[in-house]
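Inspection log for the structure reproduced underneath, given as structure tokens.
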Amino acid sequence: MILLGIETSCDDTATAVVRDGRHVLSNVSTNQDEFHAKYGGIVPEIASRRHAALLSAAVDDALGRASLSLADIDGIAVTAGPGLIGSLVVGVAAAKALAFAANKPLYAVNHLHGHIFAAFLDTEREPVYPFLTLLVSGGHSQLVAVESPTDLTVIGKTRDDAAGEAFDKTARLLDLPFPGGPALEALARDGNPRAVAFPRYTPEPGALDLSFSGLKTSVRTFLENDGGKTARADVAASFQAAVVDVLIDRVSRALDARDYRTIVLSGGVAANTALADAFRALGAKRGIDAIVPERRFCTDNAAMIAAAAERRGAAARVDALALTANPNLPF
Ligand code: KG4
Ligand code: ZN
């Protein structure tokens, strides 16, 4: 099956063509960073206007790069939520119109499922069910037990900020430019991760909750009291080490509680090299397969949406005219 994927849940206008939920024939994404940077964060109204301006050409671009036309496509997969309502509406409206006009089946995809099934894209190593996913993005941080493509259970999640949100907020404290996560990682590269002992959130034994708001507050308090004595790179590296430690500890706990043969890292924060390295090291230590998707499939993209639609099959298929965007779509 060849699916056209459309993803506009946040600030990336993304389209892709994917064969059999695995082979990426094209994957196009236009980020809007230049339009949001001066505000220090994503402005929803700007995001939806940019999607409206770019999406039609982005669909043509994805099809053109795959050397296909709409008639060659077996269906259209679109992110139905969660995300920014104005952004989602643009993608959903476009997908409905294309599906209706070309008489193609429509597949509604939960954005978070998309991140998880990114692990199957352009890789030789197929995750073995059941597998465990650590899903860390700008809006979500959770551990998910994936029993099958349609049976996914959240077994742990953050009590407050998402990991990506913690990176973005801490980047602001360090006067780094938007988007904060990659900028903080770049600064941390020259720093000492043991320079500052920031707190690691540790719930009661066995619990799989995450929390990052205390860490963020402790970075703010540290910077206020430090008066610029500690190098910013050291602060960044120490913050990053604390986030990585907490995330890896929670994956370890989940592995203590149940045997999985595969663990998968997903979501935009999976683009972080320190986290990816620690995740692979944990897999090696436990003697299990640790999969980190290619960076271009970790951050928001449309290939992952097509992959999730294909894997979930009939469970994702919807009536083209009935689909509505849902900013709070449940997992
Ligand atoms: O999955 P994603 O592209 O969008 C959401 O669904 O939220 O994730 C974006 C998040 C942002 O918070 C961004 O700062 C973070 O992922 N991120 C990173 C890195 N690249 C992106 N965080 C840390 N290190 C990175 N290299
Ligand atoms: Zn995302």
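The values are calculated or read from the model by the stated rules, or taken from the named source; none is laboratory data. Since the structure is predicted, the reported quantities are computational estimates derived from the model, not experimental observations. As a convention, Cβ positions derive from the backbone with ideal geometry for all residues, glycine included, and neighbour counts pool all protein chains shown. Quick note on the areas: whole protein, heavy atoms, side chains included, nothing else; ligands and nucleic acids left out. Shrake-Rupley method; radii C 1.70, N 1.55, O 1.52, S 1.80 Å.
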| What ³J(HN,Hα) values, in whole Hz, does the Karplus curve 6.51 cos²θ - 1.76 cosθ + 1.60 give for segment 140-150 when θ = phi - 60°, with x put for Gly and Pro? | 9, 9, 7, 9, 10, 8, 9, 7, 7, x, 10
| request: First obtain the Kirkwood hydrodynamic radius of segment 222-331 from its Cα pairs, then insert it into the Stokes-Einstein equation at 20 °C and 1.002 mPa s, and state the resulting D in µm² per second as a whole number. | output: 125
| task | For segment 256-281 and segment 179-199, compute the distance between their C-alpha centroids and round to whole Å. | result | 19
| Tell me, Kirkwood radius of segment 268-327 from alpha-carbon pair distances, in Å? | 14.1
| remark: Diffing segment 5-17: the Karplus 3J(HN,Hα) column from phi (6.51, -1.76, 1.60, θ = phi - 60°), in whole Hz with x for Gly and Pro, holds x, 10, 9, 9, 6, 9, 10, 9, 8, 10, 9, 7, 10
| task | Quickly work out the GLU294-to-ARG189 label distance, labels modelled 7 Å from Cα along the C-beta direction, and quote it in nm with one decimal. | result | 2.1
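What's the tally of Lys pairs in the chain whose alpha-carbon atoms lie under 18 angstrom apart, where the two lysines are 8 or more places apart or on different chains? Could the numbers behind the result be given before it?
Numbers: LYS38/LYS169; LYS96/LYS104; LYS157/LYS216; LYS169/LYS216.
Within the chain, the lysine pair count is 4.
Rg to Rh ratio, the chain, alpha-carbon atoms and Kirkwood radius? Don't jump to the answer; show the numbers that get you there.
Numbers: Rg = 19.8 Å, Rh = 20.2 Å.
Across the chain, the Cα-based Rg/Rh ratio is 0.98.
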| task | Please identify, among THR299, THR230, THR150, the residue showing maximal mean-square fluctuation in a Gaussian network model of the chain using a 10 angstrom Cα cutoff. | result | THR230
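Just to be sure I understand: of the beta bridges DSSP finds with both ends in segment 128-292, what percent are antiparallel, rounded to 5?
Details: 12 of 20 bridges.
Around 60 percent of the beta bridges assigned by DSSP in segment 128-292 are antiparallel ones.
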| request: Mind jotting down the three principal axis lengths of segment 128-292 based on Cα atoms? Whole angstrom, largest first. | output: 50, 27, 26
| Given 20 °C and 1.002 mPa s, how large is the Stokes-Einstein diffusion coefficient of segment 103-152 in µm²/s, with Rh as the Kirkwood radius over Cα pairs? | 175
| Theoretical FRET efficiency, 1/(1+(r/R0)^6), r = Cβ-Cβ of GLU147 and GLU204, R0 30 Å, to 0.05 | 0.70
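Might you report the magnitude of the Cβ-based charge dipole of segment 157-257 about its Cα centre, with Lys and Arg at +1 and Asp and Glu at -1, to the nearest 20 debye? Each step should come with its number before you reach the end.
On the way: 13 positive and 15 negative charges, 14 e Å.
Roughly 60 debye, rounded to the nearest 20.
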| said: How much length would be gained if the chain were fully extended between ASP33 and ASN103, taking 0.36 nm per residue of separation minus their Cα-Cα distance, in nm to one decimal? | reply: 21.7 nm
| 222 nm mean residue ellipticity, helices alone, for the chain (DSSP H n ≥ 4; -39,500 (n - 2.57); rounded to 500) | -13000 deg cm²/dmol
| note | Sorted by chain and then number, the residues having a modelled amide H within less than 5 Å of the amide H of SER26, at least 5 places away or on another chain, are VAL17
| request: Please calculate how many Å² of accessible area the chain carries per residue, with a 1.4 Å probe and no DNA, RNA or ligand atoms counted. | output: 41
| remark: Residue by residue through segment 160-167, the couplings from Karplus 6.51 cos²θ - 1.76 cosθ + 1.60 with θ = phi - 60°, in Hz, x for Gly and Pro, are 9, 6, 7, 4, x, 5, 4, 4
| task | Express in whole angstrom the spacing between the alpha-carbon centres of segment 88-124 and segment 29-80. | result | 12
| field | Most mobile of LEU173, LEU84, LEU265 in a GNM of the chain (Cα contacts under 10 Å) | value | LEU173
| request: Run the quick spin-label model on ASP245 and ALA281: label points 7 Å from Cα toward the beta carbon, then report their separation in nm to one decimal. | output: 1.3
| query | Helix 85-102 versus the longest principal axis of the chain: what is the Cα-based angle in degrees, 0 to 90, to the nearest 10? | reply | 30
